[in-house]
Structure formats: structure tokens, C-alpha cells
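Here, each number is a calculation from the coordinates, and none is a lab measurement. Since the model is a prediction, treat every value here as computed from it, not as a measurement. Heads up, the Cβs are rebuilt from the backbone with ideal geometry, glycines too, and the neighbour counts pull from every protein chain shown.
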Amino acid sequence: MGLFALNRLMSLQRDRQRRRHQIRARCRLMASMTTGKRKGSPCQQDDDSESGKIKRMAIPELPEDILLRIHSLMPMREAARAACLSQAFLHSWRCHSNLIFNKYTIGLKSASGEKFHHKVDCILRKHKGSLKTFKLEYNEMNGLDDFSYFDRWLQIALKPGLEELTFVLSETETMRKYNFPCALLSDRVGNSLRHLSLRFCDLHPTVELGPLRSLTRLCLCYVSITWNELECLLSNSPALELLDLTRCTEIRCLKLSCALQRLIMLSVLECRRLTVIESKAPNLSSLYLRGSSLDFSLVETLQLKELYLQQDNLIRDACAKLPPMLPNIETLAIESPWEVVDAPMLPTKFLYLKHLNINLRTGTTEYRPYDYFSLVSFLDASPSLETLELDVTQLRMLHKSIFADSQLRHMPEHRHSCLKSVKISGFSSAKCLIELTCYILKNAVSLECLTLDTIYGHRCYDDGKYDWCMPMGVGILMETPRALSAIRTYIENKVPSTVKLTVMEPCSQCQAKALRRALSQSCNAVSI
């Protein structure tokens, strides 16, 4: 232990010395950037060190195109800081092609108010040349009556060469929204704009709107626009590839013409007045729909490969209607908060379906628990299925537990030769869920991995993306010990040696308080 401690101490001292050398090197570099002076030749300097003479080039002496390239690759906040330290970078900063304004890049607590306005004004007024990217994320719109800030900023930003425009405003308690000057689009950036994303704006394009020849992505969220106005915009966007409409409540119908030759993805989320979608776009292959009464029967579906749906009673309707409509579907994702009936046996098949994702997160209907075992019919109707993801998280356990009735039902055997990966989130001790899992283990002869997650959502150890696990309710955590016991008792002994079983438990660190509370309630229930 003494030798180990000594080695550890020497290692720490070496690390400290290395950091000191790095800091000194940065200081010398910053000094050279600010003065821009060298003794002797401007491109060479003698370094009295053991390594002899080293040729160095001062940053101010680098070619301008290289300086611009280096500066453009920096995040905006770091680019601004470098401009404060170097005259060379100050020039390139004023030509910086990507400007993103929010509270993080500006360094304020809020992306609103006089300080925010002053900083954005100062940067844009001194900016030279054209932009490639302009993003504004503005919050706290309530009480803002003067939209002249936005008009002025867009007048500066919308110049030929702009490729991406994101204009995100916050929700207001009043009905007044900012009226986006769409005339500037075709007049100034009609030949260059590729991505347009707007949030909480009024957008009223007219027939006089000129062509947007390069526009490939259009995303509108909480935007006040009618179908006739949207049609004017779409008819002038022949290169459009993605159309994303979220909560655009004034659109009542959506009719996509065959002129949209390049459109491959359509996303319509919670546009509550939209009831009918008609599409003749010949290459539409991905469709995302979320709404209570959306009818997409008029969509030409022969080219559709991916379909994502969220509606009540969707599993029942999907079983009855989708296979004839979608003969070539390969990816199907279903999110159904409420189901009245269990999944029936399918009269037709998803012959080419490879990826199936079913979300029944509530796990129940208004009347009774949902029978997960009935989803076997979906598997039997999908002979090419390769991956299955099932989310059956319940806020509280409503199903009959396997420990209350351990007599398992059996379905006729059906060989699934393509199914390789299965993941079930929100796994519990529900008897019907144990039955479904056992059926998969017995009949999926090519299965490679089975993941049983006793909760759901992201984890703190997911590739460093999150600092904490998604919080769980007490009801979910109280069921976790029974779920783990059911896996050990009824599933582990049925897993073939060729299948990798992964069981995911709640994080003892992030869920510590909730786990203790759940354990306490469980003990109290037992004592009663």
C-alpha cells in the first residue's frame, strides 16, 4: 500500500506539472495573438529549449481563409471570446457565418430584455458579409409589444447565402404573435435557403411569394397558417424533402400534390383541426401522425416504408386496416394511450415489416387491463420481423400477477425465423407479460438478445448524455422487486444459451429516495 500511495502521489505531481506547462503555453499563445509581434522573422522564432530551434507561425500571419475556417469551426461563444483576445480573430468574427442567439451563447439568465437586445444588436450591426446559419431562441414574450427588434434582426440576417433559419419564440398568454415577414424569404434567400424552422409566429404567404428553389426542410410549430397559405409556400418549394407540422391549429386539410417529387418525410403532430390528409407525393416514404381523428386513407401508400402513429384504439384499427393499405411497410411504431379490445388475429399480414415498436405506457384502459399476450397475433402476422420494442409501463400495477396465478396459457407454436432483438420496457410481474415473453423465447429461433427493463426512459450511464436517470413514481418502483423475482423464477431458466439476457434495474443512486419510499410503503402494506 505504501508503494502504491507513493506512485499515486508522483503521478499526481506529474499531472500538475503538465497542466502548468499547458497553461503557460496558452498564455504565450494568447500574448502572441494580442501583440502579433515576433522578434526577427515574422514566421520564425528561436526557442532556447532543449529541442533547439522550432519554427512557429503567429496566428495573425496565417492566411485569411485559414483563419476564417478555424474560427467558423468554433462554437459561437468560444468564437466570440477568441475575438476579444485577438485582432486577427476579431476580423473573422465579424464575418462569422453561423450565429446562434440564446441565453447560453449570449451568457445571460434569459434570452430577452434590454441586455439581450443590446448584445444581439451590437453583434448584428457590426457583422459583415452573409450568414449560413441564423438561429434565434427568444423567451418571455409576455408583455412584449414592440416587435421591431425582430424586424431589424431579420433585415440584417436574411441575405443571399443564408442556408438555415431557425426562429423560435416562446408562447404568449395573449393571442398576438409575431408576423413573420415571409416576403423577405423569396426576395433575399430564395436561391440559398435550405432549412426553415419557425415557432410561435404568424406566417401568411401569398400567391406573390417567389420560389424557394433550395428549401429542403420546413418545420412549423405553433404557427398560425391556413391551408391555402401553406399551399402557396409548398407550391414554391420544389426541392422540399421534409415537412413537419406541429400544433398548427388553423390547418383543416392537407393536400400534397404530385409536384412535390422529392418529399420523403411528412410529420403531422397534434394539429387538432386537421382531419384529412391527402398526398400524391410519389416518393413519400416516412409518415409520422399524432392526433385524435386523423384520416390518411387518401395518402398513396405504395412507397411508404416507415409509419409512426399515435391514436386511441390504434392497435385494434391497425390490425384491421393497415396491412392492405401498407403492403411495403418496413418500420411501424404505434403509441396507443387507450385500447378497448385486445389485439385480434390478423386476416392479412405485414409481409415486409422488419421493425415494430408498440407503446402502451399506461398499460390499461378505462375499463380493464390490456392483455399483452394478445400481441402474439402481431408477431404471427409479421414473418419478416427482426426487432420488437414494447413499452408497457404502468403507473400502478393493475394486472393479475404471475404469483397470484402461475398457470401459463399456451398459443399454437409459430416459428419466427427472423426475430433477433426484443426489448420490453416497464417489465412487471403481470401474468400476460410473462406469457408473451415465454412465447417469444420458445418460438423465436433466431433470437440473439432479450432486454427486460423494469422501468423506462434514459439512464445516467447512457453514453454520457444524461447526468441522472429519468425519475420514477413510487408505484413503478414498488413493482420492481416482484418483476425481478418473476424474471428469475419464470424466464431465466427458459433462455437458450444463444440468447443474451439483459435485465435492467432502477439506478440505486438516482432513484435512492424513491426506492426507500417504495420499500417503506411495501413494508407497511405487508404489516397491514
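At-a-glance table
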{"quantity": "For I455, I106, order by how many other beta-carbon atoms lie within 10 Å, fewest first", "calculated": "I106, I455"}
{"quantity": "Pairwise label distance in nanometres, R273 with W338, each label 7 Å out on the Cα-Cβ vector", "calculated": "2.5"}
{"quantity": "Value of relative contact order over the range 191-244, rounded to a whole percent, pairs C-alpha under 8 Å and six or more apart", "calculated": "42"}
{"quantity": "Positive-end residue, the range 363-438 charge dipole about Cα centroid, Cβ charges, pick of F378, L390, C438", "calculated": "C438"}
{"quantity": "Hull shadow area, averaged, the range 232-321 [alpha-carbon convex hull, nm²]", "calculated": "5.4"}
{"quantity": "Sites D121 and E241 - FRET efficiency at Förster radius 41 Å, r taken between beta-carbons, to 0.05", "calculated": "0.75"}
{"quantity": "Whole-Å semi-axes of the range 463-510's equivalent ellipsoid (Cα gyration tensor)", "calculated": "25, 17, 6"}
{"quantity": "Fewest-first sequence of W338, W468 by Cβ atoms within 10 Å of each Cβ", "calculated": "W468, W338"}
{"quantity": "Contour minus Cα-Cα distance for E140 and K494 (0.36 nm per residue)", "calculated": "121.8 nm"}
{"quantity": "Computed FRET value (nearest 0.05) for L398 with V445, which takes r as the C-beta separation and R₀ as 30 Å", "calculated": "0.35"}
{"quantity": "The range 449-496 and the range 220-245: distance between their alpha carbon centers, rounded to Å", "calculated": "42"}
{"quantity": "Low-density loop positions, trypsin sites (Lys or Arg not before Pro), the range 128-218 - DSSP coil, at most 10 other Cβ in 10 Å", "calculated": "K128"}
